[in-house]
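Asker: Here's a structure for you.
The values are calculated or read from the model by the stated rules, or taken from the named source; none is laboratory data. These numbers were taken from a predicted model, which means no experiment stands behind them. Cβ coordinates were reconstructed from backbone atoms using ideal geometry, including for glycine residues, and neighbour counts include every protein chain displayed.
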Amino acid sequence: MKLERFYGILIPILSIILGIAVGAIVMIAGGYDAGEGFYQLYYGIFGEPYSIGETLRATAPLIFAGLAVAFAFRTGLFNIGVEGQVLVGWMVAVWIGISFDLPTAIHLPLALIGAGLAGALWAAVPGVLKAVFHVHEVITSIMMNYIALYLTNDILRRYIGITNERTETVKESASLASTFLSELTDFSRLHNGIFVAVLAAAVFWFILWKTTLGYELRAVGFNKSAAEYAGMSVKRNIVLSFVISGVFAGLAGAMEGLGTFQNMTLNASFTGVGFDGIAVALLGANNPIGVVLAALLFAGLNIGGLSMQQVGIPPELIKIIIAFIIIFVASGYAIRLVIDRFTTKKDMAKTSKGAGK
Amino acid sequence: MMKNKMVLFSALAVSTAGLAACGDGGEKKNEGFSVAMVADKGGIDDKSFNQSAWEGLKAYGEKEGVKEGEGYSYLQSKAQQDYQPNLSRLARGGADLVFGIGNTFNEDIKTVSSQFKDTQFAIVDNVVEGENVTSITFKENEGAYLAGIAAAMQTKSDHVGFIGGMQMDVIERFRAGFIAGAKSINPDIQVDVQFAEDFAAPEKGQAIAAGMYGKGADVIFHAAGGTGNGIFTEAKNRKKNGEDVYVIGVDRDQTEEGMPEGVTLTSVVKRVDRAVADVAGKAKAGELKGGETLRYGMKEDGVDVVSSDMLSDEIRNELKKAKEDVISGKISVPER
């Protein structure tokens, strides 16, 4: 058990170090000054209050997207549709944000709930298809991304109204913006969403480990047949897992719609938040604390990476580093799988104990 | 590399200090004058808009004798979320004039320009209000009108196509001008119009172009940024198989993209480079007022078509005539 936990922490940390090392090699191979590059990266994350604020701002949607992927993963499902769920959540949040005149105490929660429900509805489609018709959720959820991308653009144009490629700004009563946080960080776009995101991580933990529902969801994730044999409805749990995952994803959209941008633009291509969520969940080992930390790391890399350009290093280098971190994490798990397979008897006992926890 | 920079820096510092000692305050200020641009997701090698703007800054640098990294520089954006940190970073870093390349920068320029009152900002392709913001727009419809004429005269099937990046004002101007130009030659010409909903998806451009060429269009005009590169790919493949198809490029001279098969009939050039260099030069000379909208049309040399070797003399003459009429105001090209 101890070894298990040790691995769980060691592999991500080792992967980050190796990923950054590969990044350094790529920089040197490309003829850039790696030392200067990393200094800029560091400065771009921690150097100024502004960059700290922007890093935290970018963390909030990543936490939600990471939680969304991780939640489905706990039930053995791969939700690649987070990107699409983010878009519909974003749209509904903004729509509620601009169309109603309500006091903040009602308006803001309403916009957040709307975003969550929109994401849930969008995620329910691949969930139901999987549960009822056994259509593979990876295929359907990817395709739902494209439907979301073009449908949201069309709805924005047709019904919500677009001037200058974007909607109106959401009413102040639905906005997550915080003058205090913004001024504290020298006019960054940091907003209250970060608190909502951390709260969501706690809710994630509570649902999965403190409720019967969570117990069932995890049981289905461990072993579908055993769960069914034990009298749990696998179908119901698959749909539920997708729906809850979609709520997290929809809220990631609300972070952008009510926080970062306060509006929605016509999106020519995907925002990337949903796809980064997959990386966040993987690095965070589908654990709420892990997801929060991984989201912080990736947000920092993304924001800090912009600064690396000042010494001529292309920001794409960050994508290379992130990609390598993911490769190392994934291969780390593969190595663990091999180790597990060779340590037989003890391990069998451990797995069954794990499942019954 | 680092050392060189340090030496240069100290040399610069000494010279400015020297100048300051001479009491030449005005000179001192412009010695360290720097302009910078933030590229959108396409990047400065998008063979289109951002590249044109960057070429403009380089031309400005050459003219003023300043070096990249000191007198002018750029920052790239991976996503729209990056626009504001990039703009802010440049303003914080002491840039005197910051360009946002592309209309999607409008909200971000508005926000950042209100936070950095001492910095001048400029936005290309959109209008943002603010006393320290200069808006640069073009009369794309005038250039596209000439493209429409060239397409209508070149086509053998009386069927041409238009592929736009997204449905928005700027692209609408391209579309409206192109159709007006084509109909001015042949009122019965068929013009297919399609939008890729993306400025950076060559694969989508290729798929749409394949559809249009397949249905019989033989000249396609694109206003789709990086997506357009796929249209060139499709046209070149068809040319290799013996089909007589053409592409009309956009923003800058795209002859190169059509090589070696030679599918680029001409290009509607939007002289983003000229406008950017013009505004940067004005700023350095202290003539930039801010709070203005500068509209670069055919008259201002802001839009034109490339007088390519692919065009017959007949077409070229027609274009010349039309250009004179547009400049004189005899022809007024619709914007929508």
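Asker: So if I check each of B:270, B:240, which one is exposed (fewer than 15 other Cβ atoms within 10 Å of the Cβ), in contact (Cβ under 8 Å) with a residue 12 or more places away in the chain and of a type outside the set (S, T, N, Q)?
Answerer: Only one candidate passes the filter, namely B:240.
Residues are listed down the side, and each one gets a yes or a no for (1) within 14 Å of another protein chain (Cβ to nearest Cβ); (2) at pLDDT 90 or above:
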{"position": "A:217", "(1), (2)": "no, yes"}
{"position": "A:232", "(1), (2)": "no, yes"}
{"position": "A:235", "(1), (2)": "no, yes"}
{"position": "A:259", "(1), (2)": "yes, yes"}
{"position": "A:266", "(1), (2)": "yes, no"}
{"position": "A:283", "(1), (2)": "no, yes"}
{"position": "A:292", "(1), (2)": "no, yes"}
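Asker: Go through region A:51-85 and give me each residue that's within 14 Å of another protein chain (Cβ to nearest Cβ), under 26 Å from residue A:17 (Cα atoms) and buried (at least 22 other Cβ atoms within 10 Å of the Cβ).
Answerer: A:51, A:53, A:54, A:55, A:56, A:57, A:58, A:59, A:60, A:61, A:62, A:65
Asker: Condition (residue is within 24 Å of residue A:92 (Cβ to Cβ), more than 14 Å from chain B (Cβ to nearest Cβ) and among the aliphatic types (A, V, I, L, M)) applied to region A:178-193: is it met by at least one residue?
Answerer: No, because not a single residue in region A:178-193 is within 24 Å of residue A:92 (Cβ to Cβ), more than 14 Å from chain B (Cβ to nearest Cβ) and among the aliphatic types (A, V, I, L, M).
Asker: Keeping to region A:228-259, report how many residues are in contact with a helix residue (DSSP H, G or I) (Cβ under 6 Å, 6 or more places away or on another chain) and surrounded by fewer than 23 Cβ atoms within 10 Å (Cβ to Cβ).
Answerer: 6
Asker: Which of the residues belonging to region A:87-106 are modelled with pLDDT of 95 or more and under 15 Å from residue A:193 (Cβ atoms)?
Answerer: Across region A:87-106, the qualifying residues are A:89, A:90, A:93, A:94, A:97.
Asker: I've got another one for you. Can you tell me which of A:327, A:303 is at pLDDT 90 or above and surrounded by fewer than 18 Cβ atoms within 10 Å (Cβ to Cβ)?
Answerer: Checking each option against the conditions leaves just A:327.
Asker: May I ask you to list pairs of residues, at least six apart or on different chains, whose Cβ atoms are under 9 Å apart, with the first in region B:93-107 being not assigned by TED's automatic domain parsing to the domain that holds residue B:54 and the second being crowded, with 21+ Cβ neighbours inside 10 Å and in a loop (DSSP other than H, G, I, E, B)?
Answerer: Close Cβ pairs (under 9 Å, with a partner that is crowded, with 21+ Cβ neighbours inside 10 Å and in a loop (DSSP other than H, G, I, E, B)) do not exist here.
Asker: Say we look at region B:58-114 and pick out the residues that are facing chain A (nearest Cβ under 7 Å) and hydrophobic (A, V, I, L, M, F, W, C); which of these is farthest from residue B:35 (Cα to Cα)?
Answerer: B:79
Asker: Could you tell me which of the residues B:204, B:215, B:239 is within 17 Å of residue A:269 (Cα to Cα) and either modelled with pLDDT of 95 or more or of a type in the set (D, E, K, R) (or both)?
Answerer: After applying the criteria, what remains is B:204.
Asker: Is it true that some residue in region A:142-156 is part of a helix (DSSP H, G or I), out of contact with any Cys (no Cβ under 6 Å at 6 or more places or on another chain), among the acidic types (Asp, Glu) and within 14 Å of another protein chain (Cβ to nearest Cβ)?
Answerer: yes
Asker: As an exercise: evaluate residue A:250 against (1) at the interface with another protein chain (Cβ under 10 Å from one of its Cβ atoms); (2) under 12 Å from the mean Cα position of the chain (by Cα); (3) among the small types (Gly, Ala, Ser) and give the number of the one condition it does not meet.
Answerer: (1)
Asker: Between B:328, B:307, which is of a type in the set (Ser, Thr, Tyr), touching a strand residue (DSSP E or B) at 6+ places or on another chain (Cβ under 9 Å) and within 25 Å of residue B:142 (Cα to Cα)?
Answerer: B:307 is the lone residue from the list that is of a type in the set (Ser, Thr, Tyr), touching a strand residue (DSSP E or B) at 6+ places or on another chain (Cβ under 9 Å) and within 25 Å of residue B:142 (Cα to Cα).
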